[in-house]
Amino acid sequence: MALIIDPRIVKLTTRTEVDIKRNLPHAYLRRIGAWVFLDHFGPTARVDGMVVAAHPHTGLQTVTWPFAGKVDHRDSIGSKQLIEPGQLNLMTAGKGIAHSEKSLAGPSALHSVQLWVALPEAVRDMEPTFEHLGNPPALSLEGLEAVVFIGSLGAVESPAKVFSPLVGAELKVTGLAKVPINKAWEHGVLVIEGSALINGEQVEKDQLIFLPAGEGALEVSGDSRLLLIGGEPFEEPIVMWWNFIARTSDEILAMRETWNSQDESYGKFDDEVGGWIPAPELPNVTLRPRV
């Protein structure tokens with residue numbers, strides 16, 4: 001049965017008043033395939049609104065897909081990358097990485113989505129990597145123009161490195177479109193612009209509709225821009241807290257202490273933001289794995 005999720009509003013950072021619309025995780029929806037986090041921000045005229053100092057990640061991939069604006073990425077494995085609309089930044093944190101992000105003046109607006117993909121047990125402690133994809137492959141069907149920035153959709157497959165079967169794509173729908181989704185996967189569709197009738201359900205801007213595994217089709221009507229994410233159900237229990245994904249509460253505690261002590265294991269790097277973001281206090285409970 002389809003589920004429609006309204007976003008909750010959070011602040012991007014303490015340095016800015018830019019609002020983030022967060023659809024994942026949600027009380028009624030923890031993940032879609034291996035996708036466990038979805039933030040949508042903008043469009044905002046605050047082109048300098050993204051100023052995020054050095055912070056860590058573990059056990060996940062960060063996926064950045066901008067619609068407007070330019071962002072400078074720096075990380076502790078030496079990556080320095082300007083990302084622009086229609087390009088993918090994919091950072092695989094593995095055992096641990098630190099990075100910062102700073103939007104640049106110039107364009108008329110800043111507008112992007114950022115997502116996390118949980119890494120499976122077999123590779124979650126891998127060495128961190130970074131990948132930039134400047135020209136992801138496209139899929140064109142009646143009423144549909146799609147850019148497949150990660151994973152696969154129909155016969156189109158992105159070269160970006162993934163560790164579980166999934167899809168991430170930007171869809172532009174004109175009139176009526178039938179999207180060739182994998183019936184065995186879970187899917188989510190976020191309305192970025194406009195509104196759409198999705199498999200018979202009216203979905204408004206900033207809402208996400210969840211389609212469980214077994215849906216035989218994805219039919220969309222209404223001129224709109226959409227974000228499609230999906231994948232094979234990810235059944236490993238995980239503990240997700242702040243910027244970390246682990247398997248136990250003790251692992252999270254160790255990750256937090258290592259970062260807050262500024263241990264060398266996360267690496268160091270220079271950027272134009274300066275400083276670093278300490279991890280907050282842990283709740284006074286044992287964090288439990290969730291499926």
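Taking each residue of the range 41-54 that is more than 16 Å from Val273 (Cα to Cα) and looking for partners that are among the acidic types (Asp, Glu) and part of a strand (DSSP E or B) with beta-carbon atoms closer than 8 Å, six or more apart or interchain, yields Phe41/Asp19. For Leu211, the criteria (1) closer than 30 Å to Gln81 by Cα; (2) buried (at least 22 other Cβ atoms within 10 Å of the Cβ) hold in every case but one, which is (1). Among residues of the range 266-291 that are in contact (Cβ under 8 Å) with a residue 24 or more places away in the chain, those with a Cβ under 7 angstrom from a residue that is among the aromatic types (Phe, Trp, Tyr) and assigned to a loop (DSSP other than H, G, I, E, B), sequence gap 6+ or separate chain, pair up as Ala279/Trp242; Pro280/Trp242. Kindly indicate whether any position in the range 69-88 is hydrophobic (A, V, I, L, M, F, W, C), crowded, with 19+ Cβ neighbours inside 10 Å and touching a residue at least 60 places away in the same chain (Cβ under 8 Å). The answer is yes; a qualifying residue exists. Of all residues in the range 101-113, those that are surrounded by fewer than 24 Cβ atoms within 10 Å (Cβ to Cβ), of a type in the set (Ser, Thr, Tyr) and farther than 19 Å from Val167 by Cα total 1. Among the residues making up the range 235-291, those that are more than 21 Å from Ile77 (Cβ to Cβ) and assigned to a strand (DSSP E or B) are Ile238, Val239, Met240, Trp241, Arg290.
Taking into account only those residues within the range 85-119 that are more than 16 Å from the chain's Cα centre (by Cα) and at pLDDT 95 or above, which is farthest from His40 (Cα to Cα)?
Among those that are more than 16 Å from the chain's Cα centre (by Cα) and at pLDDT 95 or above, it is Lys95.
Whether any residue in the range 180-194 is surrounded by fewer than 16 Cβ atoms within 10 Å (Cβ to Cβ) and free of Cβ contacts under 8 Å to residues at least 24 places away in the same chain is what I want to check. No, the range 180-194 has no match at all. When the range 114-137 is filtered for residues that are surrounded by 15 or more Cβ atoms within 10 Å (Cβ to Cβ) and of a type in the set (Gly, Ala, Ser), only Ala118 remains. All of His73, His57, His132 fail the test of being closer than 18 Å to Val36 by Cβ and modelled with pLDDT of 95 or more, apart from His57.
Taking the range 150-214 and the strands (runs of 3 or more DSSP E) fully enclosed by it, the elements with 3 or more residues that are closer than 26 Å to Gly42 by Cα are at 166-173, 186-194, 196-198, 201-203, 208-211. Selection over the range 43-68 of residues that are buried (at least 22 other Cβ atoms within 10 Å of the Cβ) and of a type in the set (S, T, N, Q) gives a count of 3.
The values are calculated or read from the model by the stated rules, or taken from the named source; none is laboratory data. All values reported here derive from a predicted model rather than from experimental measurement. Positions of Cβ are backbone-derived with ideal geometry, glycine not excepted, and every protein chain shown enters the neighbour counts.
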